[in-house]
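Asks: Structure incoming, see below.
The values are calculated or read from the model by the stated rules, or taken from the named source; none is laboratory data. Fair warning: this is a prediction, and the values are worked out from it, not measured in the lab. Every residue, glycine as well, gets a Cβ built from its backbone with ideal geometry; the counts of neighbours run over all protein chains shown.
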Amino acid sequence: MPLRLPDLVGRAMIDPEFLTELRRSTDVVLAQFELTEEEGTVVRRALARLGKSPSPQQIGELGNALLRRVST
């Protein structure tokens, strides 16, 4: 079963090492997931808003932004 956006969101919310790798090597990590072009764009925009050193609040906001995308 292919990994989709909900899988990415869930893992990013609970696995800080995964989130770090997602931020460092976005294209490599996203290639592991079956995302639409729009979903990939949403993830990249959300990551760009995190800045260089995200706070727990920013990570929560990332998750919320991505979850809104999943639920629509």
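Asks: Looking at (1) surrounded by 11 or more Cβ atoms within 10 Å (Cβ to Cβ); (2) assigned to a helix (DSSP H, G or I), can you tell me which one Leu3 breaks?
Replies: The one condition Leu3 does not meet is (2).
Asks: While we're looking at this one, here's another question. Consider segment 21-41. How many of its residues are basic (Lys, Arg) and part of a loop (DSSP other than H, G, I, E, B)? If you could, list the steps in order and put the result at the bottom.
Replies: Restricting attention to segment 21-41, the residues satisfying the condition of being basic (Lys, Arg) are 23-24.
Next cut, part of a loop (DSSP other than H, G, I, E, B) only: none.
Of the residues in segment 21-41, 0 are basic (Lys, Arg) and part of a loop (DSSP other than H, G, I, E, B).
Asks: Return the residue satisfying two criteria in turn: it lies in segment 13-41 and is modelled with pLDDT under 95, hydrophobic (A, V, I, L, M, F, W, C) and surrounded by fewer than 17 Cβ atoms within 10 Å (Cβ to Cβ), and of such residues it is nearest to Pro2 (Cα to Cα).
Replies: Phe18
Asks: Do we find that Arg44 is at pLDDT 85 or above, surrounded by 15 or more Cβ atoms within 10 Å (Cβ to Cβ) and either assigned to a helix (DSSP H, G or I) or in contact with a helix residue (DSSP H, G or I) (Cβ under 8 Å, 6 or more places away or on another chain) (or both) in this structure?
Replies: On the way: at pLDDT 85 or above: yes; surrounded by 15 or more Cβ atoms within 10 Å (Cβ to Cβ): no; either assigned to a helix (DSSP H, G or I) or in contact with a helix residue (DSSP H, G or I) (Cβ under 8 Å, 6 or more places away or on another chain) (or both): yes.
So Arg44 does not fit the description; no.
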